[in-house]
Every structure is written in C-alpha cells, then in structure tokens.
Amino acid sequence: MRSSIKKRFTAKRLALMAVFVALSYVVSFLEIPLPLFGASFLKLDFGNLFILLISFLLGPLEGVLVCLLKEGLRCITSSSLCAGELANFLITSSYLLLPSVLYQYRRTLKTVIWTLSVSCLIATGTALIANRFIIFPVYAYLFGGSIFGMTVAEAFSAFWLAVVFFNLMKTVAVGVLTMLLYKRLSNFLKKLKI
C-alpha cells in the first residue's frame, strides 16, 4: 500500500499536478458569458480541461485532487460562501471519474468517446441537483431570500433548461479539447518519464 502511494505521488507527478492546478485555476477566470434562456449567471470557462487531462494522464484520484485544490483556491476569493466551488467540484468529479477509471484498463479512442459521452450526461444530472440544492439556495440566502425576485423553486423551474444546455455544451467542449490535446501531451510526458 505504502509503496503504491510512493509510486503515485513522486516528486515529478506532484509537480505536474501542481502545474495543472495552477493552469486550471488561472484559466477558470477567463469566463465567456452564455446567457441561455435569460440565465445571465451562466459563464463558460475551460479550467476543467486541465483537470480532465490530468485524470487521463495520471489517474482519477489525481484528477479529483487537482479539482479539489483548484476549487479550494477559488474558495479564497469566493463571494458565494463557496457554493459555486462546491457544486463545481461535485460536477467535475462526476464528469471525470468514469472515463479516467475505464481508461486505466482500456486505452482506446472508442473507450474515451463513449465514456465521455456518458459522463456528459452524468455531469449534467449532477449539475441539476447541485443547482437546485446548493447554488440556488445559497444565492437566495445571499440576496435576501430570492433569486431575480423568485423563490428557489421558482428560479430553478425557470432556469433548469438553461442549466442542462449549458452543462452539456461545457462538458462536450471540454471533452473534445481533451481528445485533441491528450496524445500530444502524453507523448511529451513520456519523454520526460513522468
């Protein structure tokens, strides 16, 4: 057990994880507003690209740890009692687990494509639950009991479709970018013996 932990968390691997935490954190601030169905709060960023890449490169545990550290850093400057960061951690973890676990056993493009496709749906379902029970209630609390003048249930009823479309778009975009970048990055890291 101890030797497998030492193999998993070598200095090189920890340094690579730290680089991916930093990249994910910085890129997460480059947000593109996507006001779908009047939901002006939806903003697309590609910080999760680096989390998904590290999950394929090193494994699911490393991906979850990078995600946790990135969201922990975002919590420091959060104005939402870390509700968005907690929700993003849950959504991203649900997105990366299936493809990165199965990829450890079957390293084929077919495996990547179908597991990412299924994970897009899993993450979108997780996003619906996280928005309904974490994000919307916290934002209602922060803004005096309502969101855009609506109760939590009314706001969720008004915006759930936007949440679905947004998360499908985000997960598909991150998945496609990951597939485009993974092989080049993997070959580079093999040369570095990581």
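Readers should treat all values here as calculations from the given coordinates under stated rules, not as data from a laboratory. Everything quoted here is computed from the prediction, not taken from an experiment. Positions of Cβ are backbone-derived with ideal geometry, glycine not excepted, and every protein chain shown enters the neighbour counts.
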Problem set entry | Cysteines having no other Cys beta carbon under 4.7 Å from their own, within the chain | Cys67, Cys120
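Apply the Kirkwood formula to the chain: the hydrodynamic radius equals the inverse of the mean of 1/r over all pairs of different alpha-carbon atoms; give it in Å with one decimal. Present the calculation step by step, with values, prior to reporting the outcome.
Details: mean 1/r = 0.0572 Å⁻¹.
With all distinct Cα pairs of the chain included, I get 17.5 Å.
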For this session: Please arrange Thr92, Thr126, Thr10, Thr77 by counting, for each residue, the other beta carbons lying within 10 Å of its beta carbon, fewest first.
Result: Thr77, Thr10, Thr126, Thr92
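Report the charge-dipole magnitude of the chain in Debye, nearest 20, computed about the Cα centre from +1 at each Lys and Arg Cβ and -1 at each Asp and Glu Cβ. Write out the running numbers ahead of the final one.
On the way: 19 positive and 6 negative charges, 292 e Å.
Value, rounded to 20: 1400 debye.
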Exercise. Of Leu97, Phe156, Thr124, which is farthest along the charge dipole of the stretch 72-194 in the positive direction, counting Lys and Arg as +1 and Asp and Glu as -1 at C-beta?
Worked result: Leu97
For this session: Calculate the translational D of the stretch 76-145 in whole µm² s⁻¹ from Stokes-Einstein, where the hydrodynamic radius comes from the Kirkwood formula applied to all Cα pairs, the temperature is 20 °C and the viscosity 1.002 mPa s.
Result: 160
For this session: Please return the longest stretch of the chain lacking exposed loop sites, where chymotrypsin sites (Phe, Trp or Tyr not before Pro) count only if DSSP places them in a loop and at most 12 other Cβ atoms lie within 10 Å.
Result: 30-142
Exercise. Fully extended, how many nm does the chain gain between Ala158 and Lys12 (0.36 nm per residue separation, minus their Cα-Cα distance)?
Worked result: 47.8 nm
Problem set entry | Rough spin-label spacing in nm, given labels placed 7 Å along Cα→Cβ, for Gln104 and Ser78 | 2.7
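Using a 10 Å cut-off around each Cβ, can you sort Ser4, Ser146 from fewest to most neighbouring Cβ atoms? Please list the in-between numbers first.
Numbers: Ser4 8, Ser146 14.
So the residues, fewest neighbours to most, are Ser4, Ser146.
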For this session: Output the Kirkwood hydrodynamic radius of the stretch 12-106, Cα pairs only, in Å rounded to one decimal.
Result: 13.7
Exercise. Once you wrap a convex hull around the alpha carbon atoms of the stretch 56-106, what is its projected area averaged over all directions, in nm²?
Worked result: 3.2
Problem set entry | trypsin sites (Lys or Arg not before Pro), loop per DSSP, at most 15 other Cβ atoms within 10 Å - longest free stretch of the chain | 1-105
Exercise. How long is the gain from Thr111 to Leu168 if the chain were fully straight, where each residue apart is worth 0.36 nm and the alpha carbon distance is subtracted?
Worked result: 18.6 nm
Exercise. Among Leu49, Leu81, Leu90, which one moves the most in a GNM of the chain with springs linking Cα atoms closer than 10 Å?
Worked result: Leu81
